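Shown next, in structure tokens, is the structure this report addresses.
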Amino acid sequence: MSKEVYDVIVMGAGPAGCSVATLTAQYGHKVLLLEREIFPRFKIGESLMPGTYWALKKLGMLEKMKTSHFPQKYSIQFYTKQGNQTSPFYFFSNDPHESSQTWQVLRSEFDQMLAENAAEKGADVRFGVNVSDVVFVGERAVGVVCRQNGQAEEHFFGRVIVDATGQNALISRKLKISRQEPKLKKAAIYSHFEGALRDPGIDEGATLVLHTDNEEGWFWYIPLPKNKVSIGVVGSMEYLLQNRAGEPQQIFEEEVARCKPLQWRIEPSRQLFPMKVTKDFSYRATRIAGDGWVLVGDAFGFLDPIYSSGVLLALTSGEMAAEAIHEGLGKADLSATQLGKFGDEFAAGMEAIRKLVYAFYTKEFSFAKFLQEFPDCRKNIIHILIGNVFRENVSELFGPLAMRCELPEYRKLQQVVPT
């Protein structure tokens with residue numbers, strides 16, 4: 001049993017975990033970052049929102065991104081169920097600043113870059129360490145139980161425990177505070193393809209969103225380095241998996257047959273690995289922090305693949321949590337109130353994206369028709385597609401939007417009463 005006490009123990013070295021570990025280490029705190037897998041490893045979620053620029057800058061990652069081989073992304077493009085191409089949402093139409101351009105990343109490389117950056121900034125990064133439990137004394141988290149490469153069980157103790165374990169969501173599952181999104185019970189079937197066609201010029205790195213002709217599903221199409229494209233189909237679990245015969249490969253091909261603008265793009269390509277399946281991925285915890293613990297990234301919640309908000313929310317929650325942790329360590333206040341002080345601001349930004357997700361899944365709703373009726377709303381829609389939900393007030397969009405589709409009620413975080 002280790003007698004060493006860390007200021008911060010972070011479980012999980014994805015974007016959220018690396019973000020909070022890097023920033024707290026830069027502040028001079030003693031940080032242990034534990035990751036159960038050995039990097040590099042495959043991970044889905046390759047498209048970045050431009051809003052990640054500001055977190056990447058704070059992490060010292062911008063120059064590394066600019067010199068990388070990741071395709072540059074300037075826009076998102078939607079295709080209707082009839083196969084018609086809509087006008088691209090170019091991010092720079094809101095702001096010509098360089099932050100309006102972002103990247104499409106291979107997560108195996110991107111996440112490793114983030115982990116190496118955390119180590120460079122002073123975090124103690126360890127791979128192949130599986131955290132099996134978080135130790136609580138009363139209501140306060142004080143440490144973790146883990147094993148490294150099948151060795152003897154170890155205990156590490158920390159003043160703050162950060163859960164960045166992604167959809168494993170170790171703390172929220174332990175405390176039973178995770179709640180599914182009942183109207184977003186979706187599934188995804190996906191793979192990478194080599195040699196799939198791309199648009200020319202500035203649109204070469206664009207994210208494409210392509211509806212199937214029955215509007216029961218949609219495809220993402222994300223250009224990656226090395227002539228690869230990430231392609232996946234998303235639909236309700238009931239439609240895509242529960243009421244279908246056949247293996248994932250067959251289901252994927254059946255959906256391709258319902259999406260003409262996708263067919264010619266992938267016709268010359270070669271599939272690189274068997275289809276993978278992810279399902280029931282929309283959820284959120286009712287709390288974001290407690291005494292001695294914080295949730296960041298997917299350990300707190302995940303919305304949906306549409307709009308590619310996952311990495312933005314991961315990096316931003318890590319950044320906000322790092323500030324709350326640093327302040328709390330400085331004044332010896334590691335209460336739920338202090339560590340979760342960023343929760344309302346973060347949840348409000350997440351809710352803005354959530355509302356646009358609901359609009360997308362409303363069958364009778366059309367963004368093109370909506371913008372014909374409410375052209376002034378285009379700017380705020382682009383702000384959300386950029387990820388500017390923490391820097392801009394986009395609330396004026398939701399009145400008109402609610403007139404054309406049913407939006408979800410705002411879900412407040414539970415307030416923790418100090419004991």
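Nothing in this text is a laboratory measurement; each read-out follows from the coordinates by a stated rule. Just so it is clear, the structure is predicted and the values come from calculations on it, not from any experiment. In this analysis, Cβ positions are derived from the backbone assuming ideal geometry, glycine residues included, and neighbour counts consider all displayed protein chains.
Figures for the structure shown
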| item | result |
| --- | --- |
| Cα-centred dipole magnitude for the chain, charges only on beta-carbon of K, R (+1) and D, E (-1), debye, nearest 20 | 280 |
| Where Cα atoms sit under 21 Å apart: lysine pairs in region 186-279 separated by 8 or more or lying on different chains | 5 |
| Fraction of beta bridges assigned by DSSP in the chain that are antiparallel (%, nearest 5) | 70 |
| Entry for mean projected area of the Cα convex hull in nm² (calculated from the structure that is shown) out of [x] 51.4; [y] 21.4; [z] 20.2 | [z] |
| Label-point gap, in nm, between MET237 and SER108 - each point 7 angstrom along Cα→Cβ | 2.9 |
| Region 1-125: proportion of alpha-carbon pairs further apart than 19 angstrom, % | 55 |
| Positive-end residue, region 186-279 charge dipole about Cα centroid, Cβ charges, pick of LEU241, VAL277, VAL209 | VAL277 |
| Rounded FRET efficiency, nearest 0.05, which uses the C-beta distance separating LYS226 from LEU62 and R0 of 25 Å | 0.65 |
| Zone residues, region 127-157, relative to ASP333, backbone N less than 19 Å from point 7 Å out along Cα-to-Cβ | 140-141 |
| Semi-axis lengths (Å, descending) of the ellipsoid that matches the C-alpha gyration tensor of region 292-419 | 32, 14, 12 |
| Largest to smallest principal axis extent of the C-alpha atoms in region 179-275, angstrom | 40, 27, 25 |
| More than 11 angstrom apart: percent of Cα pairs within region 136-181 | 74 |
| Sparsely packed trypsin sites (Lys or Arg not before Pro) within region 339-387, loop by DSSP, other Cβ within 10 Å at most 13 | LYS363 |
| Cβ-Cβ FRET estimate between ASN84 and GLU204, R0 fixed at 22 Å, reported to 0.05 | 0.60 |
